[in-house]
Amino acid sequence: MVNAEPFRSPPAPLAGEGGRGRAAEPPGLPRPLGLLAELTHRCPLGCPYCSNPLALEGRDAELDSATWARVFREAAALGVLQVHLSGGEPAARHDLIEIARAAREAGLYVNLVTSGIGLTGERIRALAEAGVDHVQLSIQDSEADSADRIAGYRGAFRRKTALAAEIVRLGLPLTVNAVVHRANIDRIAAMVELAAALGAGRVEIAHVQYYGWALRNRAALMPTREQVERAAATVAALRARYRRQIVIDSVVPDYHARFPKPCLGGWGRRSLNVTPAGRVLPCHAAEVIPGLEFWSVRDHPLAEIWEHSPAFRAFRGTAWMQEPCARCPRREQDFGGCRCQAFLLTGDAAATDPVCHLSPRHHEIAALAAAQADRPYRYRRMPASAGA
Ligand code: SF4
Ligand code: SF4
């Protein structure tokens, strides 16, 4: 379950917080806090906002559970506190329970990021016993028909709400990820109400970020400026109304912001992303940047990748920056924004993220934010030949 989830910011502190103990950080190279483990690209849903790459990795390419267990041990030794078991849909892995247990045994705080499809009550109980600490469950809307249409899967809404009840009954902390775009942004209040009624402790109003399949569907998903402004006012009112009941996380969506977000807390500073086949990326979209060399956990220990992999070194720190970032007082705050977005929108991965109003290309973002088109979604589907 990807997109608009917690991976554009440093690994989100989750309910119950942190890992299971971490030594002080040495000077020099920072240590990562979070690992996004993309266990598979397989997923029964077809969300048009999915940020998975267009070229999905098939079942045959996936790392086995023993390799994941080694990766988790290496991650913990490197200082990682939290692992996010994600995908695709992690429940598509028949060995998910074994993988979750291995993450817990490595000493990591285990967050399961799921669409909920493929998780029965029995399976979620087994996952809780295996050591899952927290569940992030996505919803596509507050209304069943619309939610199922967006997910491209009939009956998804009903199954998700039933699973949420079971998660809460087991005492597992639950975050609801409400992924918003033009079709549902006017129902943010109803989605927060739903999350609260389901017993979630937190709801993330996650605006679509335009990578992978979402980029392909950008004009069909893009909210209008008026919708975004209304949504901001709605969220402020909801925070006041629900302040004792549920935490509401929300940030201004990229294309409507003045400053970019500090993508993952800075390239190669706080997190690692391991693809289903084992390539280690500084962020889940990094493969869009041509010429970067990604090392695999099949060939290198994680610590070596973190320190020496050309992809991690490419945009670490600030030495690679051009103007206006190079002399900007915010350069250590937002690190020039997102490298993948800079490349996708300007063709230059070292450019200032054009989301920034100081970028000479910022006017292009404004034009894209104003470009809505009511065309059918192009659903994210995996070819049957890839073992979907
Ligand atoms: S299709 Fe939907 S549920 Fe599946 S990985 Fe993509 S965003 Fe997540
Ligand atoms: S110019 Fe660069 S460093 Fe300064 S605010 Fe914009 S993106 Fe951030």
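The values are calculated or read from the model by the stated rules, or taken from the named source; none is laboratory data. Predicted model, so just to flag it, every value in this text is computed and none were measured. Reconstructed Cβ throughout: ideal geometry from the backbone, glycine too, with neighbour counts over all protein chains shown.
Results, tabulated for the structure shown:
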{"item": "Qualifying residues in segment 102-133 (those that are surrounded by 24 or more Cβ atoms within 10 Å (Cβ to Cβ) and hydroxyl-bearing (Ser, Thr, Tyr)) - the one farthest from Thr175 (Cα to Cα)", "result": "Tyr109"}
{"item": "Segment 44-66 residues that are in contact (Cβ under 8 Å) with a residue 12 or more places away in the chain and acidic (Asp, Glu), paired with ones that are part of a loop (DSSP other than H, G, I, E, B) and within 14 Å of ligand 1 (Cβ to nearest atom) (beta carbon under 7 Å, 6 or more apart)", "result": "Glu57/His41; Glu57/Thr275; Glu57/Pro276; Glu62/Thr40; Glu62/Pro276"}
{"item": "Residue count, segment 300-358 (criterion: of a type in the set (Gly, Ala, Ser), surrounded by fewer than 17 Cβ atoms within 10 Å (Cβ to Cβ) and within 22 Å of Arg258 (Cα to Cα))", "result": "3"}
{"item": "The lone exception for Glu307 - which of (1) under 29 Å from Cys47 (Cβ atoms); (2) in contact with a Leu (Cβ under 7 Å, 6 or more places away or on another chain); (3) modelled with pLDDT of 95 or more it fails", "result": "(1)"}
{"item": "Subset of segment 65-96 [farther than 25 Å from Ile167 by Cα and either within 16 Å of ligand 2 (Cβ to nearest atom) or not in a loop (DSSP other than H, G, I, E, B) (or both)]", "result": "Ala66, Thr67, Arg70, Val71, Arg73, Glu74, Ala75, Ala76, Ala77, Leu78"}
{"item": "Ala200 being assigned to a loop (DSSP other than H, G, I, E, B) and touching a residue at least 24 places away in the same chain (Cβ under 8 Å)", "result": "yes"}
{"item": "Checking Leu78 against (1) modelled with pLDDT of 95 or more; (2) closer than 29 Å to Arg182 by Cα, the condition it does not meet", "result": "(2)"}
{"item": "Filter result for the condition that a residue is without any contact (Cβ under 8 Å) to a residue 24 or more places away in the chain and outside any loop (DSSP other than H, G, I, E, B), over Glu287, Glu293, Glu304", "result": "Glu304"}
{"item": "Selection status of Ala240, free of Cβ contacts under 8 Å to residues at least 60 places away in the same chain and in a helix (DSSP H, G or I)", "result": "yes"}
{"item": "Enumeration of residues in segment 210-237 that are part of a loop (DSSP other than H, G, I, E, B) and of a type in the set (Val, Ile, Thr)", "result": "Thr224"}
{"item": "Test: residue in segment 270-277 that is of a type in the set (Gly, Ala, Ser), within 26 Å of Ala76 (Cβ to Cβ) and in a helix (DSSP H, G or I)", "result": "no"}
{"item": "Test set (1) surrounded by fewer than 20 Cβ atoms within 10 Å (Cβ to Cβ); (2) aliphatic (A, V, I, L, M); (3) in contact (Cβ under 8 Å) with a residue 60 or more places away in the chain; (4) in a helix (DSSP H, G or I) - Ile99 fails condition number", "result": "(1)"}
{"item": "Restricting segment 253-267 to residues that are within 16 Å of the chain's Cα centre (by Cα) and small (Gly, Ala, Ser), the residue that is modelled with the lowest pLDDT", "result": "Gly265"}
{"item": "Filter result (under 26 Å from Pro48 (Cβ atoms) and within 16 Å of ligand 2 (Cβ to nearest atom)) within segment 363-388", "result": "Glu364, Ile365, Ala366"}
{"item": "Considering residues of segment 324-361 that are of a type in the set (S, T, N, Q) and touching a residue at least 24 places away in the same chain (Cβ under 8 Å) only, the residue nearest to ligand 1 (Cβ to nearest atom)", "result": "Gln341"}
{"item": "Qualifying positions in segment 333-362 - among the charged types (D, E, K, R) and either more than 10 Å from ligand 2 (Cβ to nearest atom) or over 30 Å from Val297 (Cβ atoms) (or both)", "result": "Arg339, Asp348, Arg361"}
{"item": "Conditions (1) surrounded by 12 or more Cβ atoms within 10 Å (Cβ to Cβ); (2) basic (Lys, Arg); (3) outside any helix (DSSP H, G or I); number of the one not met by Arg375", "result": "(1)"}
{"item": "Hey, Leu272 more than 30 Å from Leu39 (Cα to Cα), modelled with pLDDT of 95 or more and not β-branched (Val, Ile, Thr) or not", "result": "no"}
{"item": "Count of segment 301-332 residues which are in contact with a Phe, Trp or Tyr (Cβ under 6 Å, 6 or more places away or on another chain) and within 11 Å of ligand 2 (Cβ to nearest atom)", "result": "0"}
